[in-house]
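Engineer: I am attaching a structure below and will ask some questions about it afterwards.
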Amino acid sequence: MNKIYLDNAATTPLSEEVIDAMVDVLKNNYGNPSSTHSLGQEAKILIENVRRDVADYLKVTPAEIIFTSCGTESNNMIIKSCVDHLEVERIITSPIEHKCVAETVLEMKKRKGIEVVYLRPDKKGDISLQQLEDALKSSDKKTLVTLMHANNEIGNIIDLKKVAQMCKAHNALLHSDTVQSMAHMDLDFSDIPVDFASCSAHKFHGPKGSGFAFIRKASGLKGIITGGPQERSLRAGTENVCGIVGLGKALEIYLKNMTAYANHIKEIKQYAIDQLSEKITDVKFNGRSAEMDSSLYTVLSVLLPFKDPMIGLKLDMKGIAISQGSACSSGAAKPSMVMMMVLEEEEMDLTTPLRVSFSHFTTKEDIDALVEAVAEIAESFQIEKANIEHR
């Protein structure tokens, strides 16, 4: 059975060029980047080349890019260090952040007594800028705002520049989880005054276990992993050279093809919206995910008009890999916090959310197979419902 992959928001398949670049490093550049001999320095040069390329993309200085293992590590480092080293006493966030941000914020509340203010999204999943401004004005405490750029479940995008300008006007620090938008969108941090951001390579066809944190120069942030001077003394430990090279190669490929990839994916996403709307009676779409101009083009959050907690497994048995929400919550028995925010309680009892996420490898044939499979499942529920009513 040929597998159809529609879970690209969780992770993406590696590009062949990325695999080749990583294998070459594993074979030929095995020196420790901290070693002073030539083999070590060759590895160090590879890292610094990627650091420069990432910095060029974001229009920042190379010293502001710190390589980590993933977005989760980057987010943890930034939030915890802001509290431990930058005297942050208050965090403004939202209930629809990724778990690695949400749980780290809660840890800071429990362990450090940090005040936490939650901005409540509306039923579309949007955060009001007025809410943010009111929260910023309400206290003189040193504040960190942490809001994700693009939501990983419903694809909603915040106006990062406006948020950053508002934070700057109120002397608040801004951290944004940019894991879903990095490489998929133009990001110019010379124009957007965000203080901290995060990235995971495996969201744009790079390797798992490789990411970076953007840390604005002179922020004063310190590392939470100690033991060596690596990564500007912000992240001790021998660097993952082949992973960093894989990240760099994936970023290079994506940036070179961003317009073509984005146009293809947008066409596929619109096709999915049209086909699901035509073939599945009463289907809906969550948040702004079906609004092409105001959502991340790689994500579509579908609301099916029947309750089936096993739909992910049923689709997997039909050869379709897909998710009902964030990968970190896929084993949970209850709806994700994002769905709890955008759905009414009655809707949660009667419907099934399904996250379809695309890449430039996704085809219309993949979407046809998904729609056919979902239509079959929907029909079986209608037959079962009719039989129950007949009895």
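The values are calculated or read from the model by the stated rules, or taken from the named source; none is laboratory data. Note that the structure is predicted; figures quoted are calculated from it, not measured. Cβ atoms come from the backbone with ideal geometry, glycine included; neighbour counts cover every protein chain shown.
Engineer: Looking at Asp308, Asp316, Asp293 in this structure, which one is at pLDDT 95 or above and surrounded by fewer than 22 Cβ atoms within 10 Å (Cβ to Cβ)?
Structural biologist: Asp316
Engineer: Further question on the same structure: Assuming Ala55 fulfils every condition listed in (1) surrounded by fewer than 21 Cβ atoms within 10 Å (Cβ to Cβ); (2) aliphatic (A, V, I, L, M); (3) over 14 Å from Ala197 (Cβ atoms) apart from one, which condition is it?
Structural biologist: (3)
Engineer: Something else now. List pairs: first in region 19-34 and within 25 Å of Arg232 (Cβ to Cβ) and of a type in the set (Val, Ile, Thr), second outside any loop (DSSP other than H, G, I, E, B) and modelled with pLDDT of 95 or more, Cβ under 6 Å, 6+ apart or cross-chain?
Structural biologist: Val25/Val241; Val25/Cys242; Val25/Val245
Engineer: Here is a further query. Based on what the data block shows, is His98 assigned by TED's automatic domain parsing to the domain that holds Ala150, crowded, with 19+ Cβ neighbours inside 10 Å, touching a residue at least 24 places away in the same chain (Cβ under 8 Å) and of a type outside the set (A, V, I, L, M, F, W, C)? Let's see the steps before the verdict.
Structural biologist: Details: assigned by TED's automatic domain parsing to the domain that holds Ala150: yes; crowded, with 19+ Cβ neighbours inside 10 Å: yes; touching a residue at least 24 places away in the same chain (Cβ under 8 Å): yes; of a type outside the set (A, V, I, L, M, F, W, C): yes.
Yes: the conditions hold for His98.
Engineer: Quick one: what pairs do we get from region 40-58, first residue closer than 14 Å to Thr238 by Cβ, second among the hydroxyl-bearing types (Ser, Thr, Tyr), C-beta under 7 Å, 6+ apart or different chains?
Structural biologist: Gly40/Ser34
Engineer: Here is a follow-up. Just one of Asn156, Asn171 is over 15 Å from the mean Cα position of the chain (by Cα), more than 17 Å from Thr12 (Cα to Cα) and assigned by TED's automatic domain parsing to the domain that holds Ser34; which is it?
Structural biologist: On the way: Asn156 fails: over 15 Å from the mean Cα position of the chain (by Cα).
Of the residues listed, the single one that is over 15 Å from the mean Cα position of the chain (by Cα), more than 17 Å from Thr12 (Cα to Cα) and assigned by TED's automatic domain parsing to the domain that holds Ser34 is Asn171.
Engineer: Among (1) surrounded by fewer than 22 Cβ atoms within 10 Å (Cβ to Cβ); (2) within 23 Å of the chain's Cα centre (by Cα); (3) modelled with pLDDT of 95 or more; (4) over 16 Å from Arg52 (Cα atoms), which single condition is Ala197 missing?
Structural biologist: Only one criterion in (1) surrounded by fewer than 22 Cβ atoms within 10 Å (Cβ to Cβ); (2) within 23 Å of the chain's Cα centre (by Cα); (3) modelled with pLDDT of 95 or more; (4) over 16 Å from Arg52 (Cα atoms) is unmet by Ala197, namely (1).
Engineer: Applying the selection to region 225-255, what residues are assigned to a helix (DSSP H, G or I) and acidic (Asp, Glu)?
Structural biologist: From region 225-255, those assigned to a helix (DSSP H, G or I) are 231-233, 241-255; that's our starting set.
Those that are assigned to a helix (DSSP H, G or I) and acidic (Asp, Glu): Glu231, Glu252.
Engineer: Between a first residue in region 179-195 that is more than 15 Å from His205 (Cβ to Cβ) and a second residue that is of a type in the set (Val, Ile, Thr) and surrounded by fewer than 23 Cβ atoms within 10 Å (Cβ to Cβ), which pairs have beta carbons less than 7 Å apart while being 6 or more apart in sequence or on different chains?
Structural biologist: Phe189/Val60; Ser190/Val60
Engineer: Does Thr11 satisfy the criteria of being polar (S, T, N, Q), under 27 Å from Ala150 (Cβ atoms) and modelled with pLDDT of 95 or more?
Structural biologist: Yes, satisfied.
Engineer: Ok, one more. Listed residues Asn156, Asn151, Asn171; which is of a type outside the set (Phe, Trp, Tyr) and closer than 20 Å to Val88 by Cβ?
Structural biologist: Only one candidate qualifies: Asn171.
Yes/no per residue for (1) surrounded by 14 or more Cβ atoms within 10 Å (Cβ to Cβ); (2) at positive phi; (3) in contact with a strand residue (DSSP E or B) (Cβ under 8 Å, 6 or more places away or on another chain):
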| position | (1), (2), (3) |
| --- | --- |
| Leu14 | yes, no, no |
| Asn28 | no, no, no |
| Glu42 | yes, no, no |
| Lys59 | no, yes, no |
| Glu64 | yes, no, yes |
| Phe67 | yes, no, yes |
| Lys110 | no, no, no |
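Engineer: Regarding Ile4, is this residue at pLDDT 95 or above, surrounded by 14 or more Cβ atoms within 10 Å (Cβ to Cβ) and over 28 Å from Asp188 (Cβ atoms)?
Structural biologist: Spelling it out, Ile4 is indeed at pLDDT 95 or above, surrounded by 14 or more Cβ atoms within 10 Å (Cβ to Cβ) and over 28 Å from Asp188 (Cβ atoms).
Engineer: Suppose we filter Lys266, Lys222, Lys307 for residues that are within 30 Å of Glu372 (Cβ to Cβ), charged (D, E, K, R), in a loop (DSSP other than H, G, I, E, B) and touching a residue at least 12 places away in the same chain (Cβ under 8 Å); which single one remains? Give the steps one after another, and end with the answer.
Structural biologist: Details: Lys266 fails: in a loop (DSSP other than H, G, I, E, B); Lys222 fails: within 30 Å of Glu372 (Cβ to Cβ).
Testing whether each residue is within 30 Å of Glu372 (Cβ to Cβ), charged (D, E, K, R), in a loop (DSSP other than H, G, I, E, B) and touching a residue at least 12 places away in the same chain (Cβ under 8 Å) leaves just Lys307.
Engineer: Which residue, of Glu115, Glu89, Glu107, is over 20 Å from Ile157 (Cα atoms) and under 22 Å from the mean Cα position of the chain (by Cα)? Explain how you work it out, then say what you get.
Structural biologist: Details: Glu115 fails: under 22 Å from the mean Cα position of the chain (by Cα); Glu89 fails: under 22 Å from the mean Cα position of the chain (by Cα).
Being over 20 Å from Ile157 (Cα atoms) and under 22 Å from the mean Cα position of the chain (by Cα) holds for just one of Glu115, Glu89, Glu107, which is Glu107.
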